[in-house]
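*Asks:* Dropping the structure in here first, questions after.
The values are calculated or read from the model by the stated rules, or taken from the named source; none is laboratory data. Small disclaimer: the values here were computed from a predicted structure and weren't measured. Neighbour counts are summed over all protein chains in view; Cβ atoms, including those assigned to glycine, are modelled from backbone coordinates with ideal geometry. Side chains included, ligands, DNA and RNA excluded: accessible areas come from the protein's heavy atoms. Shrake-Rupley method; radii C 1.70, N 1.55, O 1.52, S 1.80 Å.
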There are 2 protein chains.
Amino acid sequence: MSGTSAREAEPVAIIAGNGRLPFYVAEAAREAGTPPFIIQLSGETGTDWADFEHMEADLGGFQPVVAALQKRGIRKVVLSGGVRTRPELKSLRPTARLIWSLPVIIRKLRSGGDDKVLRMVIDLFERHGFEIIAAQDIAGDLLATAGTLGAVAPDREDRSDIDAAARAAHVIGSMDIGQGAVSLGGRVVALEGAEGTDQMLARVRAMREAGRISRKRRGVLVKLCKPQQDLRADLPSIGPETVRAAAAAGLGGIAVEAGRALVLDRAEAIAEADGAGLFLLGLEPGMN
Amino acid sequence: MSGTSAREAEPVAIIAGNGRLPFYVAEAAREAGTPPFIIQLSGETGTDWADFEHMEADLGGFQPVVAALQKRGIRKVVLSGGVRTRPELKSLRPTARLIWSLPVIIRKLRSGGDDKVLRMVIDLFERHGFEIIAAQDIAGDLLATAGTLGAVAPDREDRSDIDAAARAAHVIGSMDIGQGAVSLGGRVVALEGAEGTDQMLARVRAMREAGRISRKRRGVLVKLCKPQQDLRADLPSIGPETVRAAAAAGLGGIAVEAGRALVLDRAEAIAEADGAGLFLLGLEPGMN
């Protein structure tokens with residue numbers, strides 16, 4: 001746990017779920033002059049937070065989190081990273097039961113899509129006087145910009161795949177199922193459910209290797225915000241890992257929405273994409 | 001190649017794609033008194049057709065198929081089984097080029113969803129004077145009937161999952177992406193793309209084992225006809241393998257549409273479902 005003696009801006013906390021996203025957000029926030037206090041959700045990640053002031057907490061135990069934030073005078077909270085392991089009833093601690101045991105909340109938490117769960121967590125913090133802010137509010141450089149991010153641009157066939165995948169991603173997003181879709185030769189071949197983007201790309205790779213989808217068409221990945229998504233919850237994100245998985249799946253590129261998606265480790269992601277001949281595209285808002 | 005000296009009904013041919021479906025259809029047809037002539041598409045399956053009169057053909061070579069059918073006086077053709085390996089241009093034989101080289105057909109064949117490809121194949125046969133009939137026309141016993149097929153019935157939670165999965169399956173079907181969806185605790189966790197139902201179920205199983213979806217909720221698989229699907233192409237099908245995969249994924253049951261889905265090897269499928277405590281349900285048409 002490192003010291004945080006010289007804060008240049010209002011202190012913030014990051015509730016960190018799984019994946020590398022919270023770490024990127026934390027680093028970007030620190031670079032932007034706001035070293036965050038990290039609350040790592042138990043069992044959600046292997047991120048090493050040694051360089052940040054941090055604590056671990058259980059989704060079932062809300063009271064210790066409130067105490068830690070109040071002690072540090074933190075009023076602004078960022079939610080980052082998914083929650084893969086939905087808490088089971090038995091993990092809810094008595095101290096938190098008053099809040100968490102509301103049947104409707106528990107039902108949502110255990111059965112809702114990510115969007116419902118995040119909305120519920122946001123409500124919970126707000127009812128305790130905290131302000132939920134977006135990762136991009138403390139680390140704006142993460143936001144995807146419009147146009148091609150690297151050296152490669154989509155061609156006409158890629159554009160047609162972007163349209164097809166974007167339509168599908170929009171539909172499954174509006175149903176709170178997932179954010180991503182892969183289209184190839186104008187045909188949508190994979191839709192993202194609870195498995196996440198990386199596993200969907202691994203599936204596309206496997207279908208490609210099995211000859212189940214054309215080996216000659218490249219295809220694209222599109223990730224979109226869910227239409228009804230609270231923009232303070234995690235935006236769709238891509239990073240070097242996504243680029244590598246897309247390249248391994250034989251795709252020609254990745255498209256996200258400018259201003260409504262995060263690009264993690266941008267320099268490395270672009271270098272990977274350029275090296276593999278993939279385009280990275282920020283779609284103009286409203287284009288799809 | 002066995003003899004077929006005593007045909008009781010008008011002769012039919014089955015164009016057999018991949019999977020076990022064509023074999024079930026062929027067996028059911030023979031039991032119903034119509035021993036079919038099998039045209040096995042090259043490279044699509046390992047089915048042993050020794051018990052049926054059969055030949056092998058390439059999707060790119062249409063002329064030998066026409067000759068074989070005419071020689072046998074066969075005018076009715078059933079299409080059964082998917083075509084996983086879309087033919088590449090180089091596999092199209094000169095004799096068939098006249099037909100297959102129409103740019104629009106090739107584009108559809110290589111980029112369309114199953115539905116587009118099947119529609120195109122149907123057109124091709126019809127233009128040559130053949131009549132495409134449905135598998136259920138020669139093997140009506142394969143059709144799913146309404147209500148619970150086995151000993152287990154869906155409970156209230158299963159019904160809610162059936163609704164959620166059916167809505168999702170309807171949407172992706174209308175986009176010609178896939179037929180199946182899995183819902184669990186009211187949340188859709190997996191959507192079927194080009195990978196097919198069995199692989200989607202394997203994914204649900206993996207997510208379950210990884211704790212990514214609840215281990216306590218069961219969940220259901222729903223398979224629906226694509227709204228725009230030609231009913232002479234394969235209807236959604238389930239069989240003992242589907243039941244085993246659903247059980248391995250921890251699901252509580254499977255729902256299909258009565259009269260618009262095939263149940264293969266019904267006795268074994270029901271026995272498997274009963275043994276594993278799964279329901280098999282034929283939804284009343286128009287229920288979803």
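*Asks:* Can you tell which of B:Gly253, B:Gly178, B:Gly239 is in contact with a Leu (Cβ under 6 Å, 6 or more places away or on another chain) and surrounded by 24 or more Cβ atoms within 10 Å (Cβ to Cβ)?
*Replies:* Working: B:Gly178 fails: in contact with a Leu (Cβ under 6 Å, 6 or more places away or on another chain); B:Gly239 fails: surrounded by 24 or more Cβ atoms within 10 Å (Cβ to Cβ).
Just one listed residue meets the conditions, B:Gly253.
*Asks:* Sticking with this one: Considering only residues that are modelled with pLDDT of 95 or more and more than 9 Å from chain B (Cβ to nearest Cβ), look in region A:174-191 and name the one that is nearest to A:Glu257 (Cα to Cα). Reasoning before the result, please.
*Replies:* Initially, region A:174-191 is screened for residues modelled with pLDDT of 95 or more, giving A:180-184, A:188-191.
Next, only the ones that are more than 9 Å from chain B (Cβ to nearest Cβ) stay: A:180, A:183.
Numbers: A:Gly180: 12, A:Ser183: 17 Å.
Ranking the candidates gives A:Gly180 first.
*Asks:* Does region A:148-159 contain at least one residue that is within 9 Å of another protein chain (Cβ to nearest Cβ), within 30 Å of B:Gly196 (Cα to Cα) and open to solvent by 20 Å² or more (accessible area, probe 1.4 Å)?
*Replies:* no
*Asks:* Go through (1) under 27 Å from B:Val188 (Cα atoms); (2) charged (D, E, K, R); (3) more than 8 Å from chain B (Cβ to nearest Cβ) for A:Arg167 and report which single condition fails.
*Replies:* Failed condition: (3).
*Asks:* Of the residues B:Ala233, B:Ala169, which single one is in the same structural domain as B:Pro154 (by TED's automatic domain parsing) and in contact with a helix residue (DSSP H, G or I) (Cβ under 7 Å, 6 or more places away or on another chain)? Don't jump to the end; show me each part of the working.
*Replies:* Details: B:Ala169 fails: in contact with a helix residue (DSSP H, G or I) (Cβ under 7 Å, 6 or more places away or on another chain).
Being in the same structural domain as B:Pro154 (by TED's automatic domain parsing) and in contact with a helix residue (DSSP H, G or I) (Cβ under 7 Å, 6 or more places away or on another chain) holds for just one of B:Ala233, B:Ala169, which is B:Ala233.
*Asks:* How many residues are facing another protein chain (nearest Cβ under 8 Å), under 21 Å from B:Asp176 (Cβ atoms) and open to solvent by less than 10 Å² (accessible area, probe 1.4 Å) when one looks only at region A:192-204?
*Replies:* Total satisfying the criteria: 1.
*Asks:* I'm trying to understand the selection: among the residues of region B:255-279, which are in a strand (DSSP E or B) and under 11 Å from B:Leu149 (Cβ atoms)? Break it down stepwise before answering.
*Replies:* As a first pass, look at region B:255-279 and keep what is in a strand (DSSP E or B): B:255-257, B:262-263, B:279.
Answer for region B:255-279, where residues must be in a strand (DSSP E or B) and under 11 Å from B:Leu149 (Cβ atoms): B:Ala255, B:Val256, B:Val263, B:Phe279.
*Asks:* Anything in region B:205-223 that is open to solvent by 20 Å² or more (accessible area, probe 1.4 Å), in contact (Cβ under 8 Å) with a residue 60 or more places away in the chain and either more than 8 Å from chain A (Cβ to nearest Cβ) or of a type in the set (A, V, I, L, M) (or both)? List them, or say none. Spell out the reasoning first.
*Replies:* Initial filter on region B:205-223 (open to solvent by 20 Å² or more (accessible area, probe 1.4 Å)): B:205-206, B:208-210, B:212, B:215-218.
Filter once more, so that each one left must be in contact (Cβ under 8 Å) with a residue 60 or more places away in the chain: B:217-218.
Result: B:Arg218, single match.
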